[in-house]
1. Does segment 215-232 contain any residue that is touching a helix residue (DSSP H, G or I) at 6+ places or on another chain (Cβ under 6 Å) and of a type in the set (S, T, N, Q)?
2. Checking LEU127 against (1) of a type in the set (A, V, I, L, M, F, W, C); (2) farther than 23 Å from ALA184 by Cα; (3) touching a Pro at 6+ places or on another chain (Cβ under 6 Å), which test does it fail?
3. Step by step: first the residues of segment 8-24, then only those that are small (Gly, Ala, Ser) and outside any loop (DSSP other than H, G, I, E, B), then the one that is surrounded by the fewest Cβ atoms within 10 Å (Cβ to Cβ). Which residue is that?
4. Take the residues in segment 177-232 that are among the polar types (S, T, N, Q) and touching a residue at least 40 places away in the same chain (Cβ under 8 Å), then tell me which one is surrounded by the most Cβ atoms within 10 Å (Cβ to Cβ).
5. Residues of segment 220-242 being of a type outside the set (A, V, I, L, M) and either over 26 Å from THR163 (Cα atoms) or assigned to a helix (DSSP H, G or I) (or both), which ones?
6. Any idea which residue in segment 260-290 is modelled with the lowest pLDDT, counting only those that are over 24 Å from the mean Cα position of the chain (by Cα) and not basic (Lys, Arg)?
7. So which of ALA27, ALA5, ALA53 ends up being surrounded by fewer than 22 Cβ atoms within 10 Å (Cβ to Cβ), assigned to a strand (DSSP E or B) and among the hydrophobic types (A, V, I, L, M, F, W, C)?
8. Counting just the residues of segment 262-298 that are surrounded by fewer than 17 Cβ atoms within 10 Å (Cβ to Cβ) and small (Gly, Ala, Ser), which one comes out nearest to THR11 (Cα to Cα)?
Amino acid sequence: MKILAIDIGGTAIKYGTVLEDYTIEQAFEIPTEAHLGGPHLMNKIMGIVDTYAAEIDCVGISTAGQVNSELGKIIFASENIPNYTGIEITKTIQKKHHLLVSVENDVNAAATAEAKFGAGRGYSDFLCLTYGTGVGGAMWINNKIYTGTHFSAGEFGHIVTHTGGKKCTCGNNGCYEMYASTRALVNAVREATGKTLNGREIFSPEHFNNTTVRAVIDNWIDEIIGGLTTLIFIFNPPCIILGGGIMNEDYVISEIDRRIHARNIHSFRSVAIKRAAMKNQAGMLGAAYLAKEKLLES
């Protein structure tokens with residue numbers, strides 16, 4: 001069996017073939033060009049599928065946006081990918097190729113990869129959050145992804161942590177991701193110092209040891225803790241897995257762990273805080289796993 005796995009992010013599309021034992025046979029990356037919109041993105045996906053159609057058994061797709069995984073349709077996407085809402089990925093591919101297609105939200109796919117191959121192994125329940133341009137979320141409950149009534153559960157980035165706060169791309173004000181995402185950190189550092197630095201530059205010794213920057217970082221970590229506190233009180237999870245490039249910074253993950261476990265409440269002391277293990281392979285492997293399972297069930 002050979003699976004074509006495609007991971008659609010806001011910046012890049014990662015794709016390649018995955019073998020039956022989940023070995024990634026080959027992997028490539030191209031720009032998403034998200035600003036050009038959903039139809040343009042769908043044309044890029046079709047180009048990838050066309051290339052591999054003759055040698056694969058199924059297609060697994062991980063994508064940004066809210067996904068009706070039964071229909072393989074984007075039911076909501078922010079303006080980060082204009083005109084992506086309503087795109088019928090499965091239907092479009094199957095009009096041309098007689099292939100089984102599985103489409104899932106990117107964080108749900110990443111959480112699946114963590115459950116099967118990474119930091120979530122051994123847990124029947126955990127929460128997964130990824131910090132980047134926004135904050136994505138997924139709930140792994142009773143050994144499977146919980147998607148909710150209309151496939152939009154786990155939108156942790158849009159819980160309101162600051163009533164009447166900053167305007168979010170979802171249309172609400174004060175959403176968690178406006179304060180706790182990597183983008184929020186970058187914006188806060190720029191406001192405090194006048195410097196536009198990316199996440200890696202912020203944690204370089206030159207900037208990390210600057211008292212102004214460190215204060216911004218510590219306040220940002222408090223914002224992360226604020227959202228996690230709400231989730232711990234609601235779900236009482238045994239484990240929370242944190243992903244996104246910024247979580248590779250030891251100071252961030254260790255401070256989150258320390259501050260959470262400093263609470264003298266059993267549900268806080270007992271929750272395991274883990275760094276996502278699958279890194280850049282999470283979306284592809286999660287998509288491949290879901291596609292293979294769907295094929296075996298069909």
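1. No, segment 215-232 has no match at all.
2. (2)
3. Looking at the filtered set, the residue picked out is ALA12.
4. Filtering segment 177-232 for residues that are among the polar types (S, T, N, Q) and touching a residue at least 40 places away in the same chain (Cβ under 8 Å), the one surrounded by the most Cβ atoms within 10 Å (Cβ to Cβ) comes out as SER181.
5. TRP220, ASP222, GLU223, GLY226, GLY227, THR229, THR230, PHE233, PHE235, PRO238, CYS239
6. Per the criteria, the residue is ASN264.
7. ALA27
8. Checked segment 262-298; the qualifying residue nearest to THR11 (Cα to Cα) is ALA277.
The values are calculated or read from the model by the stated rules, or taken from the named source; none is laboratory data. Computed from a prediction, not measured in an experiment: that's the story for all the values here. Methodologically, a virtual Cβ is constructed for each residue, glycine included, from the backbone with ideal geometry; neighbour enumeration extends over all protein chains shown.
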